[in-house]
Amino acid sequence: MTATTPVQETPLRLTAGGTRLPRWVPYAFVGGSLVVAYLVLLVLGGPTIAGVLGLGAAVYAVGLTITSRVVEGGRYAADRLATTLVTFAFLLAMIPLVSLVWTVVSYGATRFGWDFLSTDMMGVYGSMTSGGVYHAIIGTLLVTLACAVIAVPLGILTAIYLVEYGRGHLARGITFLVDVMTGIPSIVAGLFAFALFTLIFGPAYRAGIMGAVALAVLMTPVVIRSVEEMLRLVPNELREASLAAGRAEVADHRQGRPAHVHGRHRHRRHARRRAGHRRDRTAAADHRPRQLGQLGPVRRPHGHAARVRLPPVGAGRHGRRPRLGGRAHPHHHRHAPQPGGTPGQPLVLAQEDPMSTSAAARTGGDPSTPRRSAGPAAGTPEGPHAMSNRIDVKDLNIYYGDFLAVQDVSMTIEAKSVTAFIGPSGCGKSTFLRTLNRMHEVIPGARVEGTVAMEGVDLYGNDVDPVAVRRQVGMVFQRPNPFPTMSIRENVLAGVKLNNKRMSRKDADELVESSLHGANLWNEVKDRLDRPGSGLSGGQQQRLCIARAIAVKPQVLLMDEPCSALDPISTLAIEDLIADLKDQYTIVIVTHNMQQAARVSDRTAFFNIAGTGKPGRLIEMDDTATMFSSPSEQATEDYISGRFG
C-alpha cells in the first residue's frame, strides 16, 4: 500500500501581505520636498513660489515612487505614482478657478448689496461705476422660461412618440437627429439661433428669444433622452394593466382599416413593442422565439379509451369545500354610485367625439340615424344584475406579421358562465384570449381575420373603438400588477380615472367598497385603504387587480392564468371568487391546471399545436363534465390524462 502524503491547507488571507509605508510618510515627503526645492533654488539664484511648488512636486513624485518601490514593491509604487500625478493635475486645474473666484470676490464684495441687485444698467455706459444686475436677473429668468416652454413639451412629446408609437424610418430619423443634437457645442447653437433670426427679421434684430432658442437647441435632446429612459423603466405589466382598464392610446383611434376580404374583416394594428412574449403564446422560429419545446398529441396504441380520473366537476363550486374570506357581497352593485346608469343598458362599443363633425359619416351618413344607446360610463354601475354578454367567434385567424399564430377558431362563449381554455404551452390560448378585447393589438404587426361579436356587435367593426371594447371586456393578467405608487383605494379607482370619469368622494368611496366586496377583499383591507397596493400578498394583489377590473363595470372578464403565480391557499380564494363573479359577468379563463379547469368552469375549450412553427387550433369545446370524462377527440384525452403537454 502506498502511503499518501497529507495535503497542507493554505490558510485564507484577507489582508494584504508585505511591508507597507506608514501613513505619515507621504506628508513627510511633502514637507521635505518643499524644503529641498527651496534650498536648491536658493543656491541657484533665488527662490520663487512657483518655482518652489513646481520643483517640490517633481522631487515629491520621484522620491515617494522610489521609496515605495524599494519598500512596498512595484505595484504599490505604480499606484502611488498614478495617485500623485492625478492629484497634481487636479491642483493645477484649480489654480485659475481659485484665482478667478478670488478676483471676483475681492473686487466685488464692496459693491455687492441690495442696490446692486435692484438696479439695472439703464443710462450707464463707459467708465461709470453705477448700475446693477437687475436686468441680468430678469433676462435670465425670461430666457430660461421661454426655453423651457419650447424644449420641455417638445422633448416630452417626442420621447413619448419614440417609446410608445415610433416605428419605421421616421422614428429612426428622429433618433439620429437627437443623437446629433446631443453633441452640438453651445457656440454652434448660438450661431444657429443668430443666423435663423437674422435671415427672418434682418441683421438689426435683437431679442431675448434668440438666446431662448439657442438654449432650447441644447436642452431639447437632454429632455428627450431623460424622458425616454424614464418611460422605458415602466414595466410592461403596468402598461398592459392600464390598457386593459381602458386607457386611450393614439394608435387605438386610427380608422380606415380595409373592409371585408372574402366575407371576413381584415384588421391590422401597430403599437409599441412589448418587452417580451408570454410563455404560452404561439411562437415560430423565424418570428418569435420559443421558450418551451412542443410535442404533438400522443396516440394510445390500439385505440383503447382511457378512464380519466379527476375531481368531480362541481366540487368547490357549490359549497363542497371550505371557503376563504366568505362569499362576495350579494348585492355589491347596489352600493355603487348611480349617477344615471340603469340596469340592462345595451352594449355600446362605438365612441362619439363631441368635438368632431364627422359623426354622420361614422353612423352611415345620417346623423339622426339611431344607434345603440350609450352604455354606462366607466365606473357607472348597472344595477344588481349587471348585463353579461355572449361572445360569438367565427372563422378567426390571428397573425403576427405574415406568421399565422392561431387558425380557424369558431366558438360561442355563453353569457354568465365560466369558460376555460386549456392546452399545451404555445398553442395560442393567451393569444386568442387577448383578441376578445383587442389587447393583442399592442403587439406590432398583429392582425386578425374573421369575426368576434358580442351580442351581435362585431368588436372589430370599423365604427368600434378599441378603448370602448377594453372598457366592456376587462382583463386580469398572469402576474398581479397593481400600480406600485398607488394606494389600495387608488388602485381600485385607477380604471375609472383612466377613463376620465368624474365622481364625488362619496361615490368613489362606495365604488371602492363595492368593488372590494366583489373581489372578496374588503374585510382584509378596509382598515388600510391608504397603504400601497404593492404591500399586499400575492393572492391579495391578484384580487385587488380583479377589483380594479370590475370597478369599471365590464360585461366580460378575461383571466390569463390568474393563479399561476399564487400559492394553493390564494388559488382557492381566486377560484371561489370566480364562482361568485359568474353570476354577474361572463368569465373566460386560461389555465394549465386541469383540476382548476374542472373545478371552476362550465365549458372547456382545448387548443393544440401540430409542431414548432405551426398555428394553434381549437381541437374541441364542450361542457366541462363531458370534456373531462368522455372527450370526443383522442388528442384531448391524451392531454387531459397527462400524456403530453
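The values are calculated or read from the model by the stated rules, or taken from the named source; none is laboratory data. Keep in mind it's a predicted model, so treat the numbers as computed, not measured. Don't worry about glycine lacking a Cβ; one is built from the backbone with ideal geometry, like all the others, and counts go over all protein chains shown. Heads up: the accessible areas ignore ligands, DNA and RNA and are worked out on the full protein's heavy atoms, side chains in. Shrake-Rupley method; radii C 1.70, N 1.55, O 1.52, S 1.80 Å.
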(message) Let me spell it out: the conditions are (1) farther than 22 Å from LYS497 by Cα; (2) buried (at least 18 other Cβ atoms within 10 Å of the Cβ); (3) in contact (Cβ under 8 Å) with a residue 24 or more places away in the chain, and ASP583 meets all of them except one. Which number is the exception?
(response) (2)
(message) Out of the residues in the stretch 412-431 meeting the condition of being aliphatic (A, V, I, L, M) and open to solvent by less than 10 Å² (accessible area, probe 1.4 Å), tell me which one is farthest from LEU459 (Cα to Cα).
(response) ILE422
(request) Just give me the residues in the stretch 181-209 being outside any helix (DSSP H, G or I), open to solvent by less than 90 Å² (accessible area, probe 1.4 Å) and of a type outside the set (Gly, Ala, Ser), in sequence order. (result) ILE184, PRO185, TYR205
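Can you go through GLY73, GLY56, GLY63 and tell me which one is farther than 20 Å from TYR38 by Cβ, more than 53 Å from the chain's Cα centre (by Cα), touching a residue at least 12 places away in the same chain (Cβ under 8 Å) and surrounded by 12 or more Cβ atoms within 10 Å (Cβ to Cβ)?
Matching residue, one of GLY73, GLY56, GLY63: GLY73.
So, LEU544, is that one over 26 Å from the mean Cα position of the chain (by Cα), open to solvent by less than 10 Å² (accessible area, probe 1.4 Å), of a type in the set (A, V, I, L, M) and within 29 Å of ASP509 (Cβ to Cβ) or not?
Details: over 26 Å from the mean Cα position of the chain (by Cα): no; open to solvent by less than 10 Å² (accessible area, probe 1.4 Å): yes; of a type in the set (A, V, I, L, M): yes; within 29 Å of ASP509 (Cβ to Cβ): yes.
No: the conditions fail for LEU544.
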(request) Can you work out which of the residues in the stretch 377-415 that are in contact with a Leu (Cβ under 7 Å, 6 or more places away or on another chain) and over 23 Å from GLY616 (Cβ atoms) is modelled with the highest pLDDT? (result) ASN389
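Filter the stretch 39-53 for residues that are open to solvent by 30 Å² or more (accessible area, probe 1.4 Å) and out of contact with any Gly (no Cβ under 8 Å at 6 or more places or on another chain) and give the result.
Going residue by residue through the stretch 39-53, those that are open to solvent by 30 Å² or more (accessible area, probe 1.4 Å) are 39-50, 53.
Listed by number, the residues that qualify are LEU39, VAL40, LEU42, VAL43, LEU44, GLY45, GLY46, PRO47, THR48, ILE49, ALA50, LEU53.
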(message) Name the residue that is least open to solvent (accessible area, probe 1.4 Å), counting only residues in the stretch 593-614 that are farther than 14 Å from ILE640 by Cα and among the small types (Gly, Ala, Ser).
(response) SER601
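In this structure, does ALA212 turn out to be surrounded by 15 or more Cβ atoms within 10 Å (Cβ to Cβ), closer than 20 Å to VAL143 by Cα and among the aliphatic types (A, V, I, L, M)?
Working: surrounded by 15 or more Cβ atoms within 10 Å (Cβ to Cβ): yes; closer than 20 Å to VAL143 by Cα: yes; among the aliphatic types (A, V, I, L, M): yes.
The answer is yes for ALA212.
Kindly state which helices (runs of 4 or more DSSP H) lie completely within the stretch 568-645 and contain at least 3 residues that are touching a Cys at 6+ places or on another chain (Cβ under 7 Å).
Fully inside the stretch 568-645 and qualifying: nothing.
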(message) Looking at the stretch 81-95, I want the residues that are open to solvent by less than 60 Å² (accessible area, probe 1.4 Å) and have a partner that is in a helix (DSSP H, G or I) with Cβ atoms under 6 Å, at least 6 apart or on another chain. Which pairs are those?
(response) THR84/ALA61
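Could you tell me which residue of the stretch 23-82 is farthest from ILE95 (Cα to Cα), considering only residues that are assigned to a helix (DSSP H, G or I) and either in contact with a His (Cβ under 8 Å, 6 or more places away or on another chain) or of a type in the set (Phe, Trp, Tyr) (or both)?
Here is the first cut: in the stretch 23-82, the residues assigned to a helix (DSSP H, G or I) are 25-44, 49-71, 74-82.
Filter once more, keeping what is either in contact with a His (Cβ under 8 Å, 6 or more places away or on another chain) or of a type in the set (Phe, Trp, Tyr) (or both): 27, 29, 38, 60, 76.
Working: TYR27: 21, PHE29: 22, TYR38: 21, TYR60: 19, TYR76: 29 Å.
Per the stated criteria, the residue is TYR76.
Restricting to the stretch 562-572, count the residues that are surrounded by 24 or more Cβ atoms within 10 Å (Cβ to Cβ) and touching a residue at least 40 places away in the same chain (Cβ under 8 Å). Walk me through it before giving the result.
Of the residues in the stretch 562-572, the ones surrounded by 24 or more Cβ atoms within 10 Å (Cβ to Cβ) are 562-563.
Narrowing the set further to residues that are touching a residue at least 40 places away in the same chain (Cβ under 8 Å) leaves 562.
The qualifying residues number 1.
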(request) Report yes if VAL448 is over 30 Å from SER570 (Cα atoms) and part of a loop (DSSP other than H, G, I, E, B), otherwise no. (result) no
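Determine if the stretch 504-520 includes at least one residue that is touching a Pro at 6+ places or on another chain (Cβ under 7 Å), among the hydrophobic types (A, V, I, L, M, F, W, C) and modelled with pLDDT of 90 or more.
yes
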(message) All but one of (1) closer than 23 Å to PHE477 by Cβ; (2) modelled with pLDDT of 90 or more; (3) not charged (D, E, K, R) hold for THR626; state the number of the condition that does not hold.
(response) (1)
(request) Test PHE112 against the criterion of being at negative phi, part of a helix (DSSP H, G or I) and not aliphatic (A, V, I, L, M), and give yes or no. (result) no
(message) Looking for something out of contact with any helix residue (DSSP H, G or I) (no Cβ under 6 Å at 6 or more places or on another chain) and on the phi > 0 side of the Ramachandran plot - is there at least one such residue anywhere in the stretch 545-554?
(response) yes
(request) Six or more apart or on different chains, Cβ under 8 Å: which pairs go from a residue in the stretch 446-475 that's within 24 Å of LEU498 (Cα to Cα) to one that's crowded, with 23+ Cβ neighbours inside 10 Å and basic (Lys, Arg)? Could you list them? (result) LEU459/ARG438; TYR460/ARG438; PRO466/ARG438; VAL469/ARG438; ARG470/ARG438; MET475/ARG434
(message) Under 6 Å between Cβ atoms, which residue pairs at least 6 apart in sequence (or on different chains) link something in the stretch 129-147 that is open to solvent by 70 Å² or more (accessible area, probe 1.4 Å) with a partner that is assigned to a helix (DSSP H, G or I)?
(response) TYR134/SER118; LEU142/GLY208
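Taking GLY642 as the residue in question, decide whether it is more than 12 Å from GLY423 (Cβ to Cβ), out of contact with any Lys or Arg (no Cβ under 9 Å at 6 or more places or on another chain) and open to solvent by less than 40 Å² (accessible area, probe 1.4 Å). Steps first, please.
Working: more than 12 Å from GLY423 (Cβ to Cβ): yes; out of contact with any Lys or Arg (no Cβ under 9 Å at 6 or more places or on another chain): yes; open to solvent by less than 40 Å² (accessible area, probe 1.4 Å): no.
So GLY642 does not fit the description; no.
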(message) So for the stretch 515-536 (the condition being open to solvent by 10 Å² or more (accessible area, probe 1.4 Å) and closer than 28 Å to HIS440 by Cα), does at least one residue qualify?
(response) yes
